[in-house]
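Peer 1: Below is a structure I'd like to ask you about.
The values are calculated or read from the model by the stated rules, or taken from the named source; none is laboratory data. Remember, predicted model here, so these are calculated numbers, not experimental data. Note: ideal-geometry Cβ built from the backbone for every residue, glycine included; neighbour counts use all protein chains shown. For the accessible areas, the whole protein counts, side chains as well, though only heavy atoms, and no ligand, DNA or RNA atoms are used. Shrake-Rupley method; radii C 1.70, N 1.55, O 1.52, S 1.80 Å.
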Amino acid sequence: MEDLLTSLKKCLLFQDKSEAEIKTLLSNINYKLVNYQKNSLIFSTGRHAGFLGIVLSGSVAIQKNFPDGKVVTVLNLATAKLFGEFIIFSKKQLYPVDVIAAENCQVLLISKQNLLKLLAADSQILALFLESAANRLLVLHEKIEILSLGSIAQKIAYFLLKELTRQKSTTTVKLPFSKTAWAEQMNISRPALSRELRQLSLKGFISFDKKIILVKDIAGLQQLLETELA
């Protein structure tokens, strides 16, 4: 129970609660703790979406499968992130995507009925749930923006400029996922991403080492983005 409470303290819904308060809230609802091995299917496309999920450890990937066999990672969700918060309240309540264990993970699942009970019991959690849903919409909007951009260089520039702001950094971006997952998010191949990163490095825009990217020319990236948008 202590590990569960410690994990939930990191979740947006419970961030302002003490462990004692979280324990009391959980005692009034039913929930499930499920362990998944890496690459396990948590929920599949078309399955009834009856649960809100909270990632307690590991990470989860939201993937869209296309008829031609292409798979696009829509989102990567780290520890303490939610999934299913939109779909559980939709009219159809069917998953339009696959939810995959990106690595070994533990997930807390709360049914719609119990989620409604939790939200009704605490107005602060209700407000934070709505905030989480709004933030997810913004992330999806950014995803659509990236996919709509024309060139790989443009996609990389957009991503790096956004991450500098998000990470409150002026020069360094730490990738929140692998380069393979990054390529999937931009709907390009891993080799194509690597080639373009090398080109941007040769041109003096960036340098990189594994998951750390040093942005040397922010103005240049902004100009690159604006030029290609024109």
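Peer 1: Could you please give the count of residues in region 150-174 that are over 18 Å from the mean Cα position of the chain (by Cα) and within 17 Å of Thr73 (Cβ to Cβ)?
Peer 2: Looking only at that region, the number is 1.
Peer 1: Every residue in region 166-193 that is more than 22 Å from Gln63 (Cα to Cα), surrounded by fewer than 17 Cβ atoms within 10 Å (Cβ to Cβ) and of a type outside the set (D, E, K, R), please. Lay out the reasoning, then the answer.
Peer 2: Within region 166-193, the subset more than 22 Å from Gln63 (Cα to Cα) is 166-174.
Narrowing further to those that are surrounded by fewer than 17 Cβ atoms within 10 Å (Cβ to Cβ): 166-172, 174.
Passing the criteria: Gln167, Ser169, Thr170, Thr171, Thr172.
Peer 1: Specify the residue that is most open to solvent (accessible area, probe 1.4 Å); the eligible residues are those in region 7-16 that are in contact (Cβ under 8 Å) with a residue 60 or more places away in the chain and out of contact with any Leu (no Cβ under 6 Å at 6 or more places or on another chain). Please lay out each step first, then the result.
Peer 2: So the first thing to find is which residues in region 7-16 are in contact (Cβ under 8 Å) with a residue 60 or more places away in the chain, and the list is 7-8, 10-16.
Narrowing the set further to residues that are out of contact with any Leu (no Cβ under 6 Å at 6 or more places or on another chain) leaves 8, 10-11, 15-16.
Numbers: Leu8: 1, Lys10: 137, Cys11: 0, Gln15: 83, Asp16: 92 Å².
That would be Lys10.
Peer 1: Any idea how many residues of region 22-37 are crowded, with 16+ Cβ neighbours inside 10 Å and assigned to a helix (DSSP H, G or I)?
Peer 2: Summing the residues that are crowded, with 16+ Cβ neighbours inside 10 Å and assigned to a helix (DSSP H, G or I) in region 22-37 gives 3.
Peer 1: Would you pick out the residues in region 38-59 that are open to solvent by 70 Å² or more (accessible area, probe 1.4 Å) and within 18 Å of Ile110 (Cβ to Cβ)? Can you show your working first?
Peer 2: Let us first name the residues in region 38-59 that are open to solvent by 70 Å² or more (accessible area, probe 1.4 Å), namely 38-39, 41, 45, 47-48.
Hits for region 38-59 are Arg47, His48.
Peer 1: Can you find even one residue in region 147-165 that is surrounded by 16 or more Cβ atoms within 10 Å (Cβ to Cβ) and of a type in the set (S, T, N, Q)?
Peer 2: Step one: filter region 147-165 for residues surrounded by 16 or more Cβ atoms within 10 Å (Cβ to Cβ), giving 149, 152-161, 163-164.
Keeping just the survivors that are of a type in the set (S, T, N, Q) gives 154.
Yes, there is a match, as at least one residue in region 147-165 is surrounded by 16 or more Cβ atoms within 10 Å (Cβ to Cβ) and of a type in the set (S, T, N, Q).
Peer 1: Then there's this: For residues that are assigned to a loop (DSSP other than H, G, I, E, B), under 22 Å from Leu116 (Cβ atoms) and within 18 Å of the chain's Cα centre (by Cα), tally how many sit in region 61-93. Don't jump to the end; show me each part of the working.
Peer 2: Within region 61-93, the subset assigned to a loop (DSSP other than H, G, I, E, B) is 66-70, 78-81, 84-86, 90-93.
Then drop every residue that is not under 22 Å from Leu116 (Cβ atoms), which leaves 80-81, 84-86, 90-93.
Next cut, within 18 Å of the chain's Cα centre (by Cα) only: 80-81, 84-86.
So the answer is 5.
Peer 1: Another question, then. Could you check Ile100 against (1) farther than 20 Å from Ser44 by Cα; (2) out of contact with any Cys (no Cβ under 9 Å at 6 or more places or on another chain); (3) aliphatic (A, V, I, L, M) and say which number it fails?
Peer 2: (1)
Peer 1: Considering region 215-230 alone, what residues qualify as being surrounded by fewer than 14 Cβ atoms within 10 Å (Cβ to Cβ) and under 18 Å from Glu163 (Cα atoms)? First the steps, then the outcome.
Peer 2: Going through region 215-230, the residues surrounded by fewer than 14 Cβ atoms within 10 Å (Cβ to Cβ) turn out to be 219, 222-223, 226-227, 229-230.
Listed by number, the residues that qualify are Ala219, Gln222, Gln223, Glu226.
Peer 1: For region 1-15, how many residues meet the condition of being of a type in the set (A, V, I, L, M, F, W, C) and within 18 Å of the chain's Cα centre (by Cα)? Full working, then the answer.
Peer 2: First pass over region 1-15, keeping only residues of a type in the set (A, V, I, L, M, F, W, C): 1, 4-5, 8, 11-14.
Retained after the next criterion (residues that are within 18 Å of the chain's Cα centre (by Cα)): 8, 11-13.
Looking only at that region, the number is 4.
Peer 1: If you don't mind, there's one more thing I want to ask. For region 38-60, enumerate the residues that are of a type in the set (S, T, N, Q) and either assigned to a loop (DSSP other than H, G, I, E, B) or over 16 Å from the mean Cα position of the chain (by Cα) (or both).
Peer 2: Across region 38-60, the qualifying residues are Asn39, Ser40, Ser44, Thr45, Ser59.
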